[in-house]
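The next block holds one structure in the form of structure tokens; read it before the comments.
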Amino acid sequence: MVSSAANKSFNPVLRRIAMNQKHATLTIQVQPRAKGNEVLGFADGILRLKIAAPPVEGKANEELIRFLSKTLGTRKSNITIDRGHTSKIKIVTILGLGRDQIYKIIEEAKLK
């Protein structure tokens, strides 16, 4: 029988969230100009989010960081967009949270 901890290591979503001791890196697909901010969940290892702000002059990126900060319970300064500033697909680094924590919080937020 395989332990619960071993099963987590085979979860394809968790493997897509790169992590070291100090940060986790996520691939996020953003749908701007939505009716409101919403967590859609993970699909194919990519976190899908709806963001209310339009993709004009970085407003959607700012709102993405605000929304992730609120959802994950971390400071905005702990979240950076590494790649994809002008794309719907973004690479985001989150300091201070492990991948298991992030996955659990996102799954709970998806149910709200």
Just one of the numbered conditions (1) part of a loop (DSSP other than H, G, I, E, B); (2) buried (at least 16 other Cβ atoms within 10 Å of the Cβ) is not true of His85; which one?
(2)
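Output the residues belonging to region 96-109 that are exposed (fewer than 15 other Cβ atoms within 10 Å of the Cβ), part of a helix (DSSP H, G or I) and not acidic (Asp, Glu).
Just the residues of region 96-109 that are exposed (fewer than 15 other Cβ atoms within 10 Å of the Cβ), to begin with: 96, 104, 107-108.
Keeping just the survivors that are part of a helix (DSSP H, G or I) gives 104, 107-108.
Lys104 - this is the single residue of region 96-109 that is exposed (fewer than 15 other Cβ atoms within 10 Å of the Cβ), part of a helix (DSSP H, G or I) and not acidic (Asp, Glu).
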Testing Ser77 on (1) over 16 Å from Gln29 (Cβ atoms); (2) at pLDDT below 95, one condition comes back false. Which one is that?
(2)
For region 20-57, what are the residues that are farther than 22 Å from Asn78 by Cα and small (Gly, Ala, Ser)?
Ala34, Gly36, Ala43
Of the residues that sit in region 62-76 and are in contact with a helix residue (DSSP H, G or I) (Cβ under 9 Å, 6 or more places away or on another chain), touching a residue at least 24 places away in the same chain (Cβ under 8 Å) and among the hydrophobic types (A, V, I, L, M, F, W, C), which one is surrounded by the fewest Cβ atoms within 10 Å (Cβ to Cβ)?
Leu72
Could you list, in sequence order, all residues of region 35-54 that are surrounded by 17 or more Cβ atoms within 10 Å (Cβ to Cβ) and assigned to a loop (DSSP other than H, G, I, E, B)?
Asn37, Ile51, Ala53
Filter result for Ile91 (touching a strand residue (DSSP E or B) at 6+ places or on another chain (Cβ under 8 Å) and either farther than 16 Å from Lys22 by Cα or of a type in the set (A, V, I, L, M, F, W, C) (or both)):
yes
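The values are calculated or read from the model by the stated rules, or taken from the named source; none is laboratory data. Remember, predicted model here, so these are calculated numbers, not experimental data. Reconstructed Cβ throughout: ideal geometry from the backbone, glycine too, with neighbour counts over all protein chains shown.
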